[in-house]
Amino acid sequence: MRFGNWKLKDNTIEWSGADGSSFVIDKKTILQTEDRDKLKMYKWIVLATEDDKFTEDDLYDLNFAFVYVAGTMQSGFDYEVFDNTLDYQFEILDDEDDDDDDL
């Protein structure tokens with residue numbers, strides 16, 4: 001199954017760039033969290049958001065893939081943590097858009 005450029009495999013979610021770069025998430029670790037701005041967030045979405053190789057579309061597609069995989073796990077998914085993570089992601093993307101407008 002695919003979500004944009006993200007391919008869901010048996011044990012991973014994978015993105016491969018045209019330049020040979022890749023980003024692989026082990027499904028067993030998908031629900032790992034970290035604290036950012038005093039809020040708990042999903043680690044893999046934050047890491048992808050902070051990685052310059054991804055377009056906004058890549059990140060949105062990852063969000064859908066993330067929810068799909070988390071839903072199939074049927075345990076541990078926290079909507080509040082996901083909302084915190086998306087708020088952070090959208091803030092980063094808005095800041096980048098503002099920076100692009102200043103050029």
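Reducing the range 1-37 and the range 38-54 to their Cα centroids gives an inter-centroid distance of 12 Å.
Rounded to the nearest 500, the 222 nm mean residue ellipticity of the chain from helices alone is -15500 deg cm²/dmol, with -39,500 (n - 2.57) taken per DSSP H run of at least 4 residues. Once the chain from residue 2 to residue 92 is taken as fully extended at 0.36 nm per residue, the excess over their C-alpha distance is 29.9 nm. As a proxy for reagent exposure, 92, 45, 25 were ordered by neighbouring Cβ count within 10 angstrom, fewest first; the result is 92, 45, 25.
A dipole drawn for the chain from +1 and -1 charges on Cβ atoms has a positive end, and of 69, 42, 4 the residue lying farthest that way is 69.
Along the range 68-75 the Karplus relation, 6.51 cos²θ - 1.76 cosθ + 1.60 evaluated at θ = phi - 60°, assigns HN-Hα couplings of 4, 5, 4, x, 6, 6, 6, 6 Hz to successive residues, with x for each Gly and Pro.
Taking amide H as placed 1.01 Å from N in the peptide plane, the amide H of residue 3 sits under 5 Å from that of 8, each at least 5 places away or on another chain.
Relative to the current alpha-carbon distance between residue 24 and residue 77, full extension at 0.36 nm per residue lengthens the span by 17.1 nm. For the range 2-101, the relative contact order works out to 26 percent when only alpha carbon pairs closer than 8 Å and six or more residues apart are counted.
3J(HN,Hα) along the range 26-43: 6, 4, 5, 10, 4, 8, 5, 10, 8, 8, 9, 6, 6, 10, 7, 9, 6, 3 Hz, from the Karplus curve 6.51 cos²θ - 1.76 cosθ + 1.60 with θ = phi - 60°, whole Hz, x for Gly and Pro.
Since every read-out is calculated from the coordinates, none of them should be taken as a lab result. Computed from a predicted structure; not experimentally measured. Every residue, glycine as well, gets a Cβ built from its backbone with ideal geometry; the counts of neighbours run over all protein chains shown.
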